[in-house]
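J.: Below is the structure I would like to discuss, written out as structure tokens.
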Amino acid sequence: MNLSAPQPTSFDFNFNAFGIPVRVSAYFWIMAGLIGYTFAQGGNGIADPRVFGLTVVVIFLSILIHELGHAVLMRWYGFSPSITLYHLGGLAHYDGGFNPHGASYRRAGNSTWAQIAISFAGPLAGFLFAGATVLILVGAGFLSGRPPLAWDILFGGGEVLGDATSGVRSLVWIILFINIWWGVFNLLPVYPLDGGQIARELFLWLTPYNGLRYSLFASIGFAILAAMFCMSLHQTFLVIMFAIMAMGNYQQLSGGNSFGGRPW
């Protein structure tokens, strides 16, 4: 099972963000459209086209910001990063991959703590985007009294956002939901999520010889638990996602994949 990005096609959208090459696979828009349709479903079963459009745009910006968090730190450590957005989210990677047995491991960017920092930079970028959204709302006067936490806006509904229009409410809720909850989701210790990357680095630091194998065992266990929890919530899409990740980890544990790179 391959969790890597699809091969480039003529339907891909390519551009540069702050000097970093970005490729958007056509499959990305299918994924964003399916999620947007889910978000746009109203109580009457009819999708709101405005919410659908906002969701697709926010998904694109949020995943791009997340991957830029990884890529900017990669570049700071001297790597040449690039970004791919595809049906499973996004990947920030750098030329040459990760070679734990080669001399390149001695460079600063390949140290345990540098790799942990690179992994955490993605969710952190999303959290900062969510925080900036709240600060903009405060500055625009949409929030009265004390500035509420993002948690309050997520669950407080229209009362928290004061005089904001329904369009602003929808936009803010989507931004915070994606950048907070997806950020937390990404920090779960399941490979290849960012939390799984961090857990792998810690296992390799604690026990270099068996760290990779132990991290895969832990990743499979957490993926199964997460899938069971999502099943109890009737979140079929997440159940499938965790099942795919568990199977990918099992194949790596069985020697079905090489360990030639670190996808984010």
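The values are calculated or read from the model by the stated rules, or taken from the named source; none is laboratory data. Source: prediction; values computed, not measured. Here the Cβ positions follow ideal geometry from the backbone for every residue, glycine too, while neighbour counts run over all protein chains shown.
J.: Restricting to the range 214-238, what's the tally of residues that are under 19 Å from the mean Cα position of the chain (by Cα), within 27 Å of residue 204 (Cβ to Cβ) and of a type outside the set (A, V, I, L, M)?
T.: 2
J.: Of all residues in the range 68-77, count the ones that are surrounded by fewer than 22 Cβ atoms within 10 Å (Cβ to Cβ) and touching a Gly at 6+ places or on another chain (Cβ under 6 Å).
T.: Total meeting the criteria: 1.
J.: Can you tell me which residue is farthest from the chain's Cα centre (by Cα) among those in the range 1-30 that are modelled with pLDDT of 90 or more, buried (at least 18 other Cβ atoms within 10 Å of the Cβ) and among the aliphatic types (A, V, I, L, M)?
T.: 20
J.: Looking only at the range 202-218, count how many residues are surrounded by 21 or more Cβ atoms within 10 Å (Cβ to Cβ) and under 24 Å from residue 126 (Cβ atoms).
T.: Count: 1.
J.: State whether one or more residues within the range 181-194 are surrounded by fewer than 19 Cβ atoms within 10 Å (Cβ to Cβ), at pLDDT 85 or above and of a type in the set (Ser, Thr, Tyr).
T.: no
J.: To continue, here is another question. So which residues in the range 219-236 are part of a helix (DSSP H, G or I) and free of Cβ contacts under 8 Å to residues at least 24 places away in the same chain?
T.: Answer for the range 219-236, where residues must be part of a helix (DSSP H, G or I) and free of Cβ contacts under 8 Å to residues at least 24 places away in the same chain: 221, 224, 225, 227, 228, 229, 230, 231, 232, 236.
J.: Name the single residue, out of those in the range 242-255 being out of contact with any helix residue (DSSP H, G or I) (no Cβ under 8 Å at 6 or more places or on another chain) and in contact (Cβ under 8 Å) with a residue 40 or more places away in the chain, that is nearest to residue 213 (Cα to Cα).
T.: 251
J.: All but one of (1) modelled with pLDDT of 90 or more; (2) assigned by TED's automatic domain parsing to the domain that holds residue 69 hold for residue 137; state the number of the condition that does not hold.
T.: Unmet for residue 137, out of (1) modelled with pLDDT of 90 or more; (2) assigned by TED's automatic domain parsing to the domain that holds residue 69: (1).
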